[in-house]
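The values are calculated or read from the model by the stated rules, or taken from the named source; none is laboratory data. In this text, all values refer to a predicted model and were calculated from it rather than measured experimentally. Quick reminder, even Gly has a Cβ in these numbers, built from the backbone with ideal geometry, and neighbours come from all protein chains shown. The accessibility values were calculated without ligands, DNA or RNA, using every heavy atom of the protein model including side chains. Shrake-Rupley method; radii C 1.70, N 1.55, O 1.52, S 1.80 Å.
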Amino acid sequence: MKQVNTATHNTARARELLAMMERIRAFEEQAILAAERDKLVLGAIHPSIGQEACAAGVMQALNTDDILLSTHRGHGHTLAKGADALAMMRELLGREGGCCGGKGGSMHIADFGVGMLGANGVVGANITIGAGAAHGIKLMGDNRIVVDVFGDGAINRGPFLEGINWASVFELPVMFVCEDNQYSATTKTKSVTAGQGAAARAKSLGLKATVIDGNNVEAVANAADEIAARLRAGGPPEMLHLITYRRTGHTSFDPATYRPEDESAREEKLNDPIARQRTLLAGMGVSEDALDTIHQTAQTEMIAVLAKAAATPFPDDNTAFLDVQDTGSPAVEAF
Amino acid sequence: MVKMTYVEASREAVREMMHADKTVWCVGEDLGRGSVFGQYLGLQEEFGPDRVADTPISEAAIMGAAFGAAMVGTRPIVEMRFSDFALCATDELVNQIAKARFMFGGQSRAPMVIRKPIGLWRSSAAQHSQSLESWYVHIPGLVVVCPATPQDNYSMMKAAIKCDDPVVYLEHKNIWQMEGEVDKSLEVTLGKAAVRRSGDDVTLVSWSDTANKCVAVADRLATQNIHAEVIDLRSLWPWDKGTVLASVRKTGRLVVAHESVAVGGFGAEVVATVAEQAGDALRGPLRRLGAPRSLVAYAPNLEDQVRITEDMIEKAALETLGKSAP
Ligand SMILES: Cc1ncc(C[n+]2csc(CCOP(=O)(O)OP(=O)(O)O)c2C)c(N)n1
Ligand SMILES: [Mg+2]
């Protein structure tokens with residue numbers, strides 16, 4: 001794994017990275033409460049608690065008009081790409097004013113206004129789509145880049161091979177990010193994966209692959225910056241393999257009894273990306289008070305976001321038949 | 001009017017649309033060599049390899065990548081080579097392309113034409129002969145088109161490329177060389193049937209190459225002084241119920257014929273709709289012709305066992321009139 005030279009750290013960026021991770025954490029803590037305590041989130045949500053450094057570090061390398069394709073575990077990516085937290089929470093609650101008008105929910109969250117072209121309920125499906133978004137960008141002669149995030153489990157699906165091969169032969173500006181939390185739902189990914197995993201597979205297809213401690217947000221941000229710069233300069237697609245850990249169950253309802261008892265606790269204690277960044281910032285001379293303020297600000301924001309989302313009405317019934325298709329629209333004729 | 005074959009007609013439509021709209025591009029295997037049936041002959045020379053892109057044999061990636069490119073503002077024409085191979089890209093079509101606009105609350109569009117050549121064609125056997133149009137009709141979000149003539153393959157291809165919805169465009173492999181007059185100024189509205197023969201005695205509803213057989217049957221019946229109305233639906237979603245119902249109200253008799261498997265086929269939808277909405281107008285038994293729910297064989301005599309023929313359509317039409325074949 002890559003070593004980061006802390007001396008070169010820029011305190012302002014380090015604070016921003018912490019603030020974004022705190023916002024993601026607070027958003028998901030509220031979303032879990034909304035699901036479990038309030039019964040307001042009716043469908044499944046897949047929290048990324050403990051993985052916030054991947055989202056914050058990668059997305060800070062992007063401009064608003066760069067493109068992101070995300071996964072079922074995509075709240076953090078979406079927020080870090082610039083989506084509005086209230087619109088996201090409304091979407092999780094299936095409310096009017098949700099990013100997708102309440103039609104998508106957590107697993108289909110999208111905000112095209114900030115280049116976020118969708119989470120995906122089908123593991124691995126976003127890999128070919130992301131390659132294609134880059135293909136379209138290249139055809140139109142734009143200088144934007146695409147980040148395509150997927151889990152360690154997705155590398156065992158066909159689109160991983162097809163999408164990466166595609167991006168490579170068409171020389172497309174894609175940063176493939178494997179957010180490796182070591183689990184495929186309830187199964188340890190290593191136990192069902194041949195060979196050395198995402199980076200090795202990408203290398204075999206001719207991609208440069210960088211393996212990074214995904215809970216070190218500075219390292220993630222630096223690696224993403226470097227890859228983004230190469231892509232913007234016309235470089236070929238690359239793989240960024242981030243090693244992290246999923247601290248919660250697969251969904252908010254999953255007690256995760258299938259894993260070693262102390263595994264999650266140990267990760268929380270020793271490898272929490274937020275705690276690590278706080279330590280780094282403290283070492284740079286930022287006071288505990290200032291760090292607590294960052295934490296508290298995020299908490300206050302997201303508590304208000306949930307309250308506001310919960311007070312929002314459900315979408316109008318007749319939107320159920322809108323935005324299916326224009327030709328042969330069910331709003332005109334559904335039978 | 002220009003004389004064109006079915007394959008030339010859609011190629012010309014694609015060519016003209018590529019000139020008219022710089023965001024239109026073609027993507028699929030072996031397009032530089034015209035693809036399997038010559039649908040793209042000369043287009044790569046004319047537009048270059050970026051706009052007529054040769055791809056790896058990766059149907060899921062062709063479909064998925066074209067979708068990604070559509071979401072950022074291009075209008076891809078996706079070639080699946082044989083409709084059978086499109087099944088390798090089912091998730092991309094059914095779960096992604098068809099659903100994105102809705103799931104994302106109207107934020108995205110997928111203006112794509114997805115070409116999947118269908119049908120029985122010269123001993124192609126079970127994995128190169130299928131007609132699965134009814135599957136796609138079952139998927140909300142998709143438009144489903146089955147042109148049967150050079151004119152329609154020209155006009156409907158243009159309409160499909162202009163359409164902002166994903167259009168599953170099913171050309172029939174057996175009629176690539178069919179010739180016909182094409183009026184380039186003729187515009188088609190997707191969802192509007194073509195009445196290819198007018199008549200008062202019996203309504204024949206069909207699409208794709210079987211519609212051509214119905215036209216031949218109508219000509220045969222005319223020699224027996226029976227006037228069949230032939231409705232070529234041309235698109236199955238949306239489908240032109242109004243024209244079918246009005247015709248059945250006039251004739252009181254209905255035959256629906258298609259090459260695909262009868263069970264669960266779109267013919268069942270047509271028959272059910274007529275029974276529900278014009279049942280009172282029926283003056284004879286309904287007939288629905290489709291392939292047995294079996295597989296397409298290689299040997300020509302075995303292949304013929306699942307083929308819907310002109311004789312079968314004629315016999316069915318006569319039965320609705322209480323007559324037997326001469
Ligand atoms: C094609 C497909 N198969 C199975 C599932 C069910 N499923 C949802 S998430 C998941 C685990 C995915 O693991 P990974 O890619 O590592 O992502 P993570 O959940 O760890 O973020 C599974 C099996 C699915 N959504 N799509
Ligand atoms: Mg995983």
Checklist entry - Of the residues A:Gly130, A:Gly74, A:Gly97, A:Gly101, which single one is of a type in the set (Gly, Ala, Ser) and within 15 Å of ligand 2 (Cβ to nearest atom)? => result A:Gly74
Item to check | Filter result (away from chain A (no Cβ under 12 Å), open to solvent by 10 Å² or more (accessible area, probe 1.4 Å) and of a type in the set (D, E, K, R)) within the stretch B:162-178 | outcome: none
Checklist entry - What's the number of the condition A:Tyr183 fails, among (1) modelled with pLDDT of 95 or more; (2) more than 11 Å from ligand 2 (Cβ to nearest atom); (3) more than 9 Å from chain B (Cβ to nearest Cβ)? => result (2)
Next on the checklist: Among (1) assigned to a loop (DSSP other than H, G, I, E, B); (2) over 21 Å from the mean Cα position of the chain (by Cα); (3) under 25 Å from B:Thr149 (Cα atoms), there is one condition B:Ala317 misses while meeting the rest; what is its number?
Outcome noted: (1)
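Answer yes or no as to whether A:Ile109 is open to solvent by less than 10 Å² (accessible area, probe 1.4 Å) and in contact with an Asp or Glu (Cβ under 6 Å, 6 or more places away or on another chain). Spell out the reasoning first.
On the way: open to solvent by less than 10 Å² (accessible area, probe 1.4 Å): yes; in contact with an Asp or Glu (Cβ under 6 Å, 6 or more places away or on another chain): yes.
The answer is yes for A:Ile109.
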Checklist outcome for this item: Checked against (1) assigned to a helix (DSSP H, G or I); (2) touching a strand residue (DSSP E or B) at 6+ places or on another chain (Cβ under 9 Å); (3) within 16 Å of ligand 2 (Cβ to nearest atom); (4) away from chain B (no Cβ under 12 Å), A:Met88 satisfies every condition except (3)
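Somewhere in the stretch A:23-31, is a residue farther than 26 Å from A:Gly105 by Cβ, at pLDDT 95 or above and touching a helix residue (DSSP H, G or I) at 6+ places or on another chain (Cβ under 8 Å)?
Checked the stretch A:23-31: no residue is farther than 26 Å from A:Gly105 by Cβ, at pLDDT 95 or above and touching a helix residue (DSSP H, G or I) at 6+ places or on another chain (Cβ under 8 Å).
Taking the stretch B:224-243 only, how many residues are β-branched (Val, Ile, Thr) and either touching a His at 6+ places or on another chain (Cβ under 6 Å) or buried (at least 24 other Cβ atoms within 10 Å of the Cβ) (or both)?
2
Out of the residues in the stretch A:210-228 meeting the condition of being open to solvent by 10 Å² or more (accessible area, probe 1.4 Å) and charged (D, E, K, R), tell me which one is farthest from A:Gln51 (Cα to Cα).
By that ranking, first place goes to A:Glu226.
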Item to check | Qualifying positions in the stretch A:296-318 - open to solvent by less than 80 Å² (accessible area, probe 1.4 Å) and either closer than 16 Å to A:Ala85 by Cβ or aliphatic (A, V, I, L, M) (or both) | outcome: A:Ala298, A:Gln299, A:Glu301, A:Met302, A:Ala304, A:Val305, A:Leu306, A:Ala307, A:Ala309, A:Ala310, A:Thr312
Checklist entry - Inside the stretch A:122-137, can you point out the residues that are facing chain B (nearest Cβ under 8 Å) and either small (Gly, Ala, Ser) or in a helix (DSSP H, G or I) (or both)? => result A:Ala125, A:Ile127, A:Thr128, A:Ile129, A:Gly130, A:Ala131, A:Gly132, A:Ala133, A:Ala134, A:His135, A:Gly136, A:Ile137
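Just a yes or no: is a residue in the stretch A:236-245 more than 16 Å from ligand 1 (Cβ to nearest atom) and over 20 Å from the mean Cα position of the chain (by Cα)?
Pass one, the stretch A:236-245, residues more than 16 Å from ligand 1 (Cβ to nearest atom): A:236-238.
When the remaining residues are screened for being over 20 Å from the mean Cα position of the chain (by Cα), the result is A:236.
Yes, that holds for at least one residue.
Working carefully through the options A:Ala194, A:Ala167, A:Ala198, find the one that is without any contact (Cβ under 8 Å) to a residue 24 or more places away in the chain and either among the aliphatic types (A, V, I, L, M) or within 11 Å of ligand 2 (Cβ to nearest atom) (or both).
Details: A:Ala167 fails: without any contact (Cβ under 8 Å) to a residue 24 or more places away in the chain; A:Ala198 fails: without any contact (Cβ under 8 Å) to a residue 24 or more places away in the chain.
Only one candidate qualifies: A:Ala194.
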Checklist outcome for this item: Going through the stretch B:311-326 in order, the residues found to be open to solvent by 70 Å² or more (accessible area, probe 1.4 Å) and under 14 Å from B:His258 (Cα atoms) are B:Asp311, B:Met312
Item to check | Unmet criterion (only one of (1) surrounded by fewer than 24 Cβ atoms within 10 Å (Cβ to Cβ); (2) within 16 Å of ligand 2 (Cβ to nearest atom)) for A:Ala119 | outcome: (1)
Checklist entry - Is it the case that some residue within the stretch A:134-150 is within 16 Å of ligand 2 (Cβ to nearest atom), open to solvent by less than 10 Å² (accessible area, probe 1.4 Å) and not charged (D, E, K, R)? => result yes
Checklist entry - Within the set of pairs 6+ apart or on separate chains, which have a first residue in the stretch A:99-114 that is facing another protein chain (nearest Cβ under 9 Å), a second that is assigned to a strand (DSSP E or B), and C-beta atoms under 9 Å apart? => result A:Cys99/A:Asp111; A:Cys99/A:Met116; A:Cys100/A:Asp111; A:Ile109/A:Met116; A:Ala110/A:Met116
Checklist entry - Does A:Leu207 fit the bill of being without any contact (Cβ under 8 Å) to a residue 12 or more places away in the chain, at negative phi and away from ligand 1 (no atom under 16 Å from the Cβ)? => result no
Item to check | Meets criteria (at the interface with another protein chain (Cβ under 8 Å from one of its Cβ atoms), within 11 Å of ligand 1 (Cβ to nearest atom) and out of contact with any Asp or Glu (no Cβ under 9 Å at 6 or more places or on another chain)) for A:Gly158 | outcome: yes
Next on the checklist: Any residue in the stretch B:260-274 that is charged (D, E, K, R) sitting within a Cβ distance under 8 Å of a residue that is assigned to a helix (DSSP H, G or I)? List the pairs, counting only those 6 or more apart or interchain.
Outcome noted: B:Glu269/B:Ser134; B:Glu269/B:Val137
Item to check | Residue satisfying all of: in the stretch A:168-194; part of a loop (DSSP other than H, G, I, E, B) and within 16 Å of ligand 1 (Cβ to nearest atom); nearest to A:Ala53 (Cα to Cα) among these | outcome: A:Asn181
Next on the checklist: Can you find a residue that is away from chain A (no Cβ under 14 Å) and touching a strand residue (DSSP E or B) at 6+ places or on another chain (Cβ under 9 Å) anywhere in the stretch B:276-283?
Outcome noted: yes
